[in-house]
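First the structure, in the form of structure tokens, and then the observations on it.
The values are calculated or read from the model by the stated rules, or taken from the named source; none is laboratory data. No experiment lies behind these values; they were computed from the predicted model shown. Note that we place each Cβ from the backbone using ideal geometry, even for glycine, and neighbour counts take in every protein chain shown.
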Amino acid sequence: MIRIQTGVSRNKDGRTFALIPEKMSSSPLDVPSIQADITTQEIVNIIREGRERGRARTLDDSAIKHY
């Protein structure tokens, strides 16, 4: 579920304005497709490798002492 957030802005003179997001004409997930010579398994392997690198980086960062 997508939450739409609104807000209120107040000027120095005390006037307030409602901040309302504009309606989008299409979904941000509606992206054009491409023709790629890659299998589903290759995509899964690439994602797993990226996650492993991220996990290793997190473990390295946790070994750093913060003073």
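Suppose we keep only residues that are among the hydroxyl-bearing types (S, T, Y) and in a loop (DSSP other than H, G, I, E, B) within region 39-67. Which one would you say is modelled with the highest pLDDT? Write out each step before concluding.
Residues of region 39-67 that are among the hydroxyl-bearing types (S, T, Y), as a first pass: 39-40, 58, 62, 67.
Restricting the remaining residues to those that are in a loop (DSSP other than H, G, I, E, B) gives 39, 67.
Values: T39: 94, Y67: 50.
Looking at residues that are among the hydroxyl-bearing types (S, T, Y) and in a loop (DSSP other than H, G, I, E, B), I get T39.
Just a yes or no: is a residue in region 4-17 touching a Phe, Trp or Tyr at 6+ places or on another chain (Cβ under 9 Å), among the charged types (D, E, K, R) and exposed (fewer than 10 other Cβ atoms within 10 Å of the Cβ)?
Yes - at least one qualifying residue is present in region 4-17.
Within region 18-38, is even one residue modelled with pLDDT of 85 or more, surrounded by 10 or more Cβ atoms within 10 Å (Cβ to Cβ) and not aliphatic (A, V, I, L, M)?
Scanning region 18-38, I find no residue that is modelled with pLDDT of 85 or more, surrounded by 10 or more Cβ atoms within 10 Å (Cβ to Cβ) and not aliphatic (A, V, I, L, M), so the answer is no.
Would you pick out the residues in region 3-17 that are in contact with a strand residue (DSSP E or B) (Cβ under 8 Å, 6 or more places away or on another chain), at pLDDT 85 or above and assigned to a loop (DSSP other than H, G, I, E, B)?
N11
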